[in-house]
Amino acid sequence: MILPIFRSDLITRTGMKKRALFIDRDGTLIMEPPVTFQVDTLEQLVFLPGVIRNLFFIRKNLDFELVIVTNQDGLGTSSYPQENFDRVQEKMLEVFAGEGVMFDNILIDSSFPEDNSPNRKPRTGMLKAYMTGDYDLANSYVIGDRKTDMELAANLGCKGILIAAGEVATEPVPESHKAEEHTPCNERCYTFNSWDKIKDFLFAGERTATVQRTTKETDIYVSLNLDGNGACDISTGIGFFDHMLEQIGKHGGLDLTIKVEGDLHVDEHHTIEDTAIALGEALLTALGDKRGMERYGYSLPMDDCLCSVALDFGGRAWLVWDAEFRREKIGEMPTEMFLHFFKSLSDAAKMNLNIKAEGENEHHKAEGIFKALARAIKMAVRRDVYKYDLPSTKGVL
């Protein structure tokens, strides 16, 4: 079943192909009930958090056509009466329209999986009109909460945006409905846990960086996503250093991968210093033009220690260090290298760092500093696309 609803005031980029957002319905626009996976009563109609305001922002500020693409198993049969669906669908569209969100097209497949319909996602039978060359599919997106949505993206030649079901749904989603870790479009798919993040990404782009730094002393790979979920994969050869770097990713909400092969047979110096340089370069690159970001950050206590890190991603390097360590090493990490790490990080990221720490337990003191840095970074890189200007009176950072 294909039900077209066209928007009359479509904004297009002059001289360029049209783009589209192919959006799943249940689990993406509205909550999907467990067991039946059918929203067939008005009592079950619950919108995902933030979906209305964020689609309005996208509708108003970007040039994507909005297309609902949904499988509705057995729609029109006794197992899923058409009138039940229509009642919910009409109310959903009424709510969206009342908030300024109109959809350009609505495509519905009513088959069962065993029918092997060419129109059923992830097959592209319903979407042939978008595959004629008039659309810039490479820069269009499929947005959904299931692996079939990401497979549809691959089949269309689109990018995919997966809503992480565990973060936004109020009910558990069966394994068969969750997106797999490795889908056919894995390298062209992005995962977000909210419509707020989807809107930010579509409007302002991703904030990621990859740095490969190789010298005669170290070989370092850093991958960073400022808008991640705290996923870390750290290996430097120095256990305590790994533990500290994980604090940056986890408590900063950054996806952070750091792989280091260093000359530890000499000592730890080059490994720690060069890691700081590579991480700083990744931060500087991922920040991009810095529009809409908070710029400043600070934080935090830990047990017997009070640690504060104030930072400014203002484009100038400066370090104030007020922390003393009585032990020569914590684990296998020389405490004298903490100062050197933060100095190299500040220089490479072109940021001001003011670090102070007091307390008795040396492990807590070090960990408190790194956690405070993480929280300060999280605060400073927070982005507001509604105020998408440069945080500087000079007009440049």
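The values are calculated or read from the model by the stated rules, or taken from the named source; none is laboratory data. All values reported here derive from a predicted model rather than from experimental measurement. Counting neighbours? That spans all protein chains shown, and the Cβs are built from the backbone with ideal geometry, glycine included. SASA here: full protein model, heavy atoms, side chains in, ligands and nucleic acids out. Shrake-Rupley method; radii C 1.70, N 1.55, O 1.52, S 1.80 Å.
Would a scan of the stretch 186-193 turn up a residue that is modelled with pLDDT under 95 and either among the aromatic types (Phe, Trp, Tyr) or open to solvent by less than 20 Å² (accessible area, probe 1.4 Å) (or both)?
Among the residues of the stretch 186-193, at least one is modelled with pLDDT under 95 and either among the aromatic types (Phe, Trp, Tyr) or open to solvent by less than 20 Å² (accessible area, probe 1.4 Å) (or both), which makes the answer yes.
Please specify each residue of the stretch 349-368 satisfying the condition of being closer than 24 Å to Ala209 by Cα and touching a strand residue (DSSP E or B) at 6+ places or on another chain (Cβ under 7 Å).
Hits for the stretch 349-368 are Met351, Asn352, Leu353.
How about the stretch 231-246: which of its residues are surrounded by fewer than 21 Cβ atoms within 10 Å (Cβ to Cβ) and part of a helix (DSSP H, G or I)?
Gly239, Phe240, Asp242, His243, Glu246
Could you please find all residues in the stretch 113-160 being among the acidic types (Asp, Glu) and more than 20 Å from Arg19 (Cα to Cα)?
Answer for the stretch 113-160, where residues must be among the acidic types (Asp, Glu) and more than 20 Å from Arg19 (Cα to Cα): Glu114, Asp115, Asp145.
Give just the number: which of (1) over 16 Å from the mean Cα position of the chain (by Cα); (2) surrounded by fewer than 18 Cβ atoms within 10 Å (Cβ to Cβ); (3) not in a helix (DSSP H, G or I) does Thr285 not satisfy?
The one condition Thr285 does not meet is (3).
Which of the residues that make up the stretch 66-100 are assigned to a loop (DSSP other than H, G, I, E, B) and open to solvent by less than 40 Å² (accessible area, probe 1.4 Å)?
Gln72, Gly74, Leu75, Pro81, Gly100
Would you check if Phe103 is out of contact with any Ser or Thr (no Cβ under 8 Å at 6 or more places or on another chain), buried (at least 16 other Cβ atoms within 10 Å of the Cβ), touching a residue at least 12 places away in the same chain (Cβ under 8 Å) and in a loop (DSSP other than H, G, I, E, B)?
Here the answer is yes, as Phe103 does meet what is asked.
If you scan the stretch 190-205, which residues turn out to be farther than 15 Å from Arg19 by Cβ and not in a helix (DSSP H, G or I)?
Selection gives Tyr190, Thr191, Phe192, Asn193, Ser194.
Considering only residues that are open to solvent by 40 Å² or more (accessible area, probe 1.4 Å) and farther than 15 Å from Met244 by Cα, which ones fall in the stretch 337-361?
Lys343, Asp347, Lys350, Asn352, Asn354, Lys356, Glu358, Glu360, Asn361
Taking His364 as meeting all but one of (1) open to solvent by less than 60 Å² (accessible area, probe 1.4 Å); (2) within 27 Å of the chain's Cα centre (by Cα), write down the number of the exception.
Unmet condition: (2).
Among all residue pairs at least 6 apart or on different chains, which show Cβ distances below 6 Å where the first residue, located in the stretch 227-250, is among the aromatic types (Phe, Trp, Tyr) and the second is modelled with pLDDT of 95 or more and crowded, with 16+ Cβ neighbours inside 10 Å?
Cβ pairs passing all conditions: Phe240/Ile330; Phe240/Met333; Phe241/Met333.
Could you tell me whether any residue of the stretch 119-126 is surrounded by fewer than 16 Cβ atoms within 10 Å (Cβ to Cβ) and either without any contact (Cβ under 8 Å) to a residue 24 or more places away in the chain or in contact with a helix residue (DSSP H, G or I) (Cβ under 7 Å, 6 or more places away or on another chain) (or both)?
Scanning the stretch 119-126, I find at least one residue that is surrounded by fewer than 16 Cβ atoms within 10 Å (Cβ to Cβ) and either without any contact (Cβ under 8 Å) to a residue 24 or more places away in the chain or in contact with a helix residue (DSSP H, G or I) (Cβ under 7 Å, 6 or more places away or on another chain) (or both), so the answer is yes.
State whether the residues of the stretch 252-272 include one that is open to solvent by less than 40 Å² (accessible area, probe 1.4 Å), of a type in the set (A, V, I, L, M, F, W, C) and assigned to a helix (DSSP H, G or I).
For the stretch 252-272, residues open to solvent by less than 40 Å² (accessible area, probe 1.4 Å), of a type in the set (A, V, I, L, M, F, W, C) and assigned to a helix (DSSP H, G or I): present.
Output yes when any residue across the stretch 210-222 is more than 25 Å from Phe64 (Cβ to Cβ), of a type in the set (Ser, Thr, Tyr), assigned to a loop (DSSP other than H, G, I, E, B) and open to solvent by less than 40 Å² (accessible area, probe 1.4 Å), and no when none is.
Checked against the condition, which is being more than 25 Å from Phe64 (Cβ to Cβ), of a type in the set (Ser, Thr, Tyr), assigned to a loop (DSSP other than H, G, I, E, B) and open to solvent by less than 40 Å² (accessible area, probe 1.4 Å), the stretch 210-222 yields no hits at all.
Take Asn71 and decide whether it is in contact (Cβ under 8 Å) with a residue 12 or more places away in the chain, touching a strand residue (DSSP E or B) at 6+ places or on another chain (Cβ under 6 Å) and polar (S, T, N, Q).
Spelling it out, Asn71 is indeed in contact (Cβ under 8 Å) with a residue 12 or more places away in the chain, touching a strand residue (DSSP E or B) at 6+ places or on another chain (Cβ under 6 Å) and polar (S, T, N, Q).
Checking Trp321 against (1) more than 29 Å from the chain's Cα centre (by Cα); (2) crowded, with 20+ Cβ neighbours inside 10 Å; (3) in a strand (DSSP E or B); (4) not basic (Lys, Arg), which single condition isn't satisfied?
With (1) more than 29 Å from the chain's Cα centre (by Cα); (2) crowded, with 20+ Cβ neighbours inside 10 Å; (3) in a strand (DSSP E or B); (4) not basic (Lys, Arg) applied to Trp321, the lone miss is (2).
Quick one: in the stretch 46-65, of everything that is among the aliphatic types (A, V, I, L, M) and in contact with a strand residue (DSSP E or B) (Cβ under 9 Å, 6 or more places away or on another chain), which residue is most open to solvent (accessible area, probe 1.4 Å)?
Val46
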